[in-house]
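S.K.: Here it is, the structure, as structure tokens.
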Amino acid sequence: MRSTGATPWRFVALLALSAAVGLPASLAGQFTPRAPAQRQRPDFMFGRPHVSLTILGGYAIPSATPNGVINTQLPTDQALTFYRKNFNSAAVTGELAVRATDRLDIIMDLGYSGGKVRSEYTNWVDNNNLPIQQTTRLTRTPLTFGVKAYLWSPGRSIGQLAWIPAHWVPFVGAGAGWVWYRFEQSGDWVNFQNNNVYSDTYRASGRGATANVFGGADWSVSPHLVLTAEGRYSWAHAPMGGDFQNFRDINLSGFRASAGISLRF
């Protein structure tokens, strides 16, 4: 019978395969790379937060508009086509809050809202039988100071260091301060002494006292990040200066609905 030189190598390969198959699982595990441990963010803060910064965006709805200031002081045949809803506009607010007690914040708010609308004379047209039109702009910039009271604790302390935020918490508050406004009307006008049509711009600006009440809720996304929603009503009046010196005070009161984010520190 003829022998070949490949037999010993086949025997060695068979032994190696048997050893690999019979390798204990515990030993094989020593050669398996381990996945790096996942670092989890803590669901608490080291100590109760002392300061929060909030940015809110929303919608402002004036309760009275220049329609109530201008039209009621003009003869009926000189009135302009204003509608209250036309002065609804976007609004933005920044808030700084300092924690006074576990459930009370001292706050400062700075806001801005403004928009423009088109109007025309209700009973007059030009020589081409076209509307005599104007553009009216109104902006409001309130700066207020107040307090925000949470209806229950925004979080709880665990031991001496850890503070765990509540999932959500409602709040109410009130404030007072000042509001700056700018009122401008530009376009075409009727000279009622000779019925001529001319172009001009009239402006008024000033400042008045304001007060507000508000309510809403906070939802904790993380110990430092909060989603917030709020409804606020403000009362405000200011003198009509500039080109409207003989007009009564402008009513700057209104409602604002807004939502945004807060950062706690």
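The values are calculated or read from the model by the stated rules, or taken from the named source; none is laboratory data. Since the structure is predicted, the reported quantities are computational estimates derived from the model, not experimental observations. Because the Cβ atoms are built from the backbone with ideal geometry, glycine has one as well, and the counts that use them run over all protein chains shown.
S.K.: Can you pull out every residue in the range 88-105 that is modelled with pLDDT of 95 or more and charged (D, E, K, R)?
M.R.: E95, D105
S.K.: Right, another one. Test of understanding: among W219, W180, W189, W163, which residue is buried (at least 16 other Cβ atoms within 10 Å of the Cβ) and more than 30 Å from D249 (Cα to Cα)? I'd like the intermediate steps shown before the answer.
M.R.: Values: W219 fails: buried (at least 16 other Cβ atoms within 10 Å of the Cβ); W180 fails: more than 30 Å from D249 (Cα to Cα); W189 fails: more than 30 Å from D249 (Cα to Cα).
Selected residue: W163, the only one of W219, W180, W189, W163 that is buried (at least 16 other Cβ atoms within 10 Å of the Cβ) and more than 30 Å from D249 (Cα to Cα).
S.K.: Here is a follow-up. For the range 196-205, indicate whether the set of residues that are surrounded by 15 or more Cβ atoms within 10 Å (Cβ to Cβ) and within 22 Å of the chain's Cα centre (by Cα) is non-empty.
M.R.: Looking for residues that are surrounded by 15 or more Cβ atoms within 10 Å (Cβ to Cβ) and within 22 Å of the chain's Cα centre (by Cα), one finds none in the range 196-205, hence no.
S.K.: Within the range 229-247, take every residue that is out of contact with any Gly (no Cβ under 6 Å at 6 or more places or on another chain) and over 20 Å from A211 (Cα atoms) and give me the one that is surrounded by the fewest Cβ atoms within 10 Å (Cβ to Cβ).
M.R.: N246
S.K.: Report, ordered by the first and then the second residue, all pairs with beta carbons closer than 7 Å, sequence separation of six or more or different chains, a first member in the range 86-97 that is under 24 Å from V147 (Cα atoms) and free of Cβ contacts under 8 Å to residues at least 12 places away in the same chain, and a second member that is among the basic types (K, R) and surrounded by 19 or more Cβ atoms within 10 Å (Cβ to Cβ).
M.R.: none
S.K.: Return a yes/no flag: does the range 103-114 have any residue that is among the acidic types (D, E), within 22 Å of S234 (Cα to Cα) and over 18 Å from the mean Cα position of the chain (by Cα).
M.R.: Yes, the range 103-114 contains at least one residue that is among the acidic types (D, E), within 22 Å of S234 (Cα to Cα) and over 18 Å from the mean Cα position of the chain (by Cα).
S.K.: Ok, one more. Of these, W178, W152, W189, which one is at pLDDT 90 or above, outside any strand (DSSP E or B) and touching a strand residue (DSSP E or B) at 6+ places or on another chain (Cβ under 7 Å)? Walk me through how you get there before you give the answer.
M.R.: Working: W178 fails: outside any strand (DSSP E or B); W189 fails: outside any strand (DSSP E or B).
Only one candidate qualifies: W152.
S.K.: Identify all residues within the range 157-175 that are at pLDDT 85 or above and of a type in the set (A, V, I, L, M, F, W, C); write none if there are none.
M.R.: A166, W168, V169, F171, V172, A174
S.K.: Here is a follow-up. On the given criteria, is G208 touching a strand residue (DSSP E or B) at 6+ places or on another chain (Cβ under 6 Å), at positive phi and touching a residue at least 24 places away in the same chain (Cβ under 8 Å)?
M.R.: Against the criterion (touching a strand residue (DSSP E or B) at 6+ places or on another chain (Cβ under 6 Å), at positive phi and touching a residue at least 24 places away in the same chain (Cβ under 8 Å)), G208 does not qualify.
S.K.: Looking at this structure, is R264 under 21 Å from I61 (Cβ atoms) and in contact (Cβ under 8 Å) with a residue 12 or more places away in the chain?
M.R.: No; evaluated as a whole, the condition is false for this residue.
S.K.: Taking the condition in contact (Cβ under 8 Å) with a residue 40 or more places away in the chain, surrounded by 18 or more Cβ atoms within 10 Å (Cβ to Cβ) and aliphatic (A, V, I, L, M), does V169 pass?
M.R.: Taking the combined requirement at face value, the residue satisfies it.
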